[in-house]
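Worksheet: the structure to be examined is printed underneath.
What follows is calculated from the coordinates using simple rules that are stated; it is not laboratory data. Since this is a predicted model, take the numbers as computed values, not measurements. Backbone-built Cβ (ideal geometry, glycine too); neighbour counts: all protein chains shown.
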Amino acid sequence: MNRIKIDYNYAAAVNIDGGLTDTDFDRYKEKARQGLSRLIELKDKGDVGFMNLPGQDTAEIKDFAKEIKGTFNDLIIIGIGGSSLGLEAVANALLPYGYNAQSYAERGSMPRLWVADNVDPSKLATILRMCQPEDTYVCVVTKSGSTVETVSNFSIIYEWLDKDVKDVRRHICAITDPDKGALRRISAEKGLKTFEVPPSVGGRYSVLSSVGLVPAAILGVDIDRLLKGAGTVSDSDYEKILVLASIYMYYMDKGLNISVLMPYTSRLSSFSDWYCQLWGESIGKRYDRDGKEILFGSTPLRSVGVVDQHSLLQLFKEGPKDKVVTFIEVENHDSDRTINSGFEAYDYLSGHSMGELCNIELKATEAALKNTGRPSVKISIDVLDEHTLGQLFMLYQFIVPVIGLAYNVDPFDQPGVEEGKQYAYGLLERDGFSDKKKDFEGIYKKQDDFII
């Protein structure tokens with residue numbers, strides 16, 4: 001059964017002025033094939049490993065999750081960026097709205113979820129106030145073992161646990177590099193349970209590794225179904241990857257440099273956050289792989305239907321013509337309810353369901369954008385479950401590097417992020433970064449005349 005469909009009617013020239021002609025599709029699909037071929041070469045060399053994740057053995061993770069189930073009321077994930085956004089997308093999509101507010105019995109003995117990502121004192125204080133050390137389990141996630149925000153939160157939470165629990169080892173697992181890094185060393189010294197992040201899997205491509213799977217399994221998610229869905233993309237959906245990559249590349253070349261992802265369900269709002277990191281960090285690059293300055297990329301923008309019809313749609317429809325909108329449609333919404341209005345003024349709603357209304361509004365938005373020549377594509381899934389969520393993750397994990405590699409851009413590094421990290425290390429007096437502190441002091445100069 002085809003559980004995911006791509007509708008690109010309103011990106012094509014037959015429907016949109018300036019859209020892709022058959023000739024354009026042929027040209028850009030060939031460019032996308034070149035990117036895909038380069039990606040597969042990197043996989044075959046062992047340099048890129050996210051495509052291999054659907055075939056991994058999950059027995060250890062599932063056995064571990066069984067041990068945790070029913071033991072702890074709270075689960076704290078310590079991580080940032082790729083170490084937390086994927087798991088948040090999984091939880092948002094597959095756990096009931098208001099999950100943390102449900103009673104332990106209603107949650108089926110699964111813990112509440114908290115994410116300590118930002119170095120925000122107020123957020124961390126709230127998490128620790130809501131949780132009790134003896135009743136809390138912690139997953140600390142950093143592949144490098146040195147991510148400053150993660151290790152800062154970990155240091156505070158470890159101390160919080162160690163003061164009150166009998167055996168801190170019973171309350172923490174570390175998800176990190178298999179061989180190196182400070183967290184790997186600390187875990188060995190303290191006797192912490194560990195899970196490995198494959199060396200060939202970068203943080204923003206790691207949701208289907210232990211990074212996302214360990215906490216997801218603790219939360220009761222069927223991780224095998226998630227991986228099975230992802231595997232269908234790796235095995236058979238190259239045509240969908242090529243079509244979407246072609247559309248995005250064509251419009252980027254035409255100067256439409258904002259890529260909007262707009263799922264019509266609140267359950268994919270965190271997926272849009274995950275997408276923004278994947279897109280922006282992977283293909284927003286100043287230099288290509290040969291060191292040539294190219295200033296490549298487009299800006300990802302998170303949006304959620306129907307909510308943002310009442311905010312951002314005005315801009316999408318009548319603002320600058322610089323956006324391509326990708327809708328995600330759920331054909332059959334869970335827990336759907338029929339509207340039976342008892343008010344005469346609202347009779348037109350009676351007999352329609354909430355899910356039907358949501359999808360009607362999506363179609364209306366497609367038509368409104370088409371009417372002003374604004375391109376869009378639509379990804380439709382039959383239902384939102386582990387299988388289709390896995391498909392969505394893997395679909396974009398393919399599309400983004402295919403685009404980057406088609407333009408000779410490295411979609412797996414993040415030099416723009418590293419520079420800021422190094423300045424911060426210098427200011428924190430970390431060993432080996434004194435030169436970066438000097439560089440910072442030479443750059444960061446401000447005049448009082450411009451401060452009011």
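Taking the DSSP beta bridges with both ends in the chain, the antiparallel portion is around 15 percent.
The magnitude of the dipole of the stretch 262-390, with charges of +1 and -1 set on the Cβ of Lys/Arg and Asp/Glu and taken from the Cα centre, is near 700 debye.
About the centre of its Cα atoms, the chain shows a dipole size close to 460 debye [charges on the beta carbon of Lys, Arg (+1) and Asp, Glu (-1) only; nearest 20 debye]. Rounded to the nearest 0.05, what FRET efficiency do residue 441 and residue 315 give with R0 = 30 Å and r taken as the Cβ-Cβ distance? Could you check? Calculated value: 0.15.
Sorting 151-163, 431-443 by their mean Cβ neighbour count within 10 Å, with the most densely packed peptide first, gives 151-163, 431-443. Most tightly packed first, judged by the mean number of other beta-carbon atoms within 10 Å of their residues, the peptides 238-246, 184-192, 407-415 read 238-246, 407-415, 184-192. Of 45/190; 321/363; 5/323; 5/363; 45/323; 5/228, which sit over 25 Å apart, Cα to Cα? Going by Cα-Cα distance, 45/190; 45/323 fall outside the 25 Å limit. What whole number of Å gives the distance from the Cα centroid of the stretch 347-368 to the Cα centroid of the stretch 28-68? If we compute the Cα centre of each part, the gap is 38 Å. Put simply, the stretch 70-219 fits an ellipsoid with semi-axes of 22, 19, 14 Å; these come from the alpha carbon gyration tensor as the roots of five times its eigenvalues, largest first.
Taken over the C-alpha atoms, the stretch 291-433 has Rg and Dmax values of 21.6, 73 angstrom. Taking 15 Å as the cut-off, the amide N atoms of the stretch 293-314 that come nearer than this to a point 7 Å along the Cα-to-beta-carbon line of residue 357 belong to 306-310. Across the options 422, 407, 391, the greatest Cα extent toward the positive end of the charge dipole of the stretch 380-432 (unit charges at beta carbon of Lys, Arg, Asp, Glu) belongs to 407.
Taking the fewest neighbouring Cβ atoms within 10 Å as the starting point, the ordered list for 333, 310, 171 is 310, 333, 171. From its DSSP helices (H runs of at least four residues, each -39,500 (n - 2.57)), the chain gives a residue-normalised ellipticity at 222 nm of -14000 deg cm²/dmol. By the beta-carbon count within 10 Å of each Cβ, the least crowded to most crowded order of 276, 173, fewest first, is 276, 173. Screening the chain for DSSP H helices whose Cα atoms reach 24 Å or more along their own axis and whose mean Kyte hydropathy is at least -1.0 gives 354-371, 386-406. Listed by chain and number, the aspartates and glutamates placed with their C-alpha closer than 15 angstrom to that of residue 292 are 410; residues fewer than eight positions away on the same chain are left out. Residues of the stretch 396-415 with backbone nitrogen within less than 14 Å of a virtual label 7 Å along the Cα-to-Cβ line of residue 286, please, listed as ranges. The answer is 414-415.
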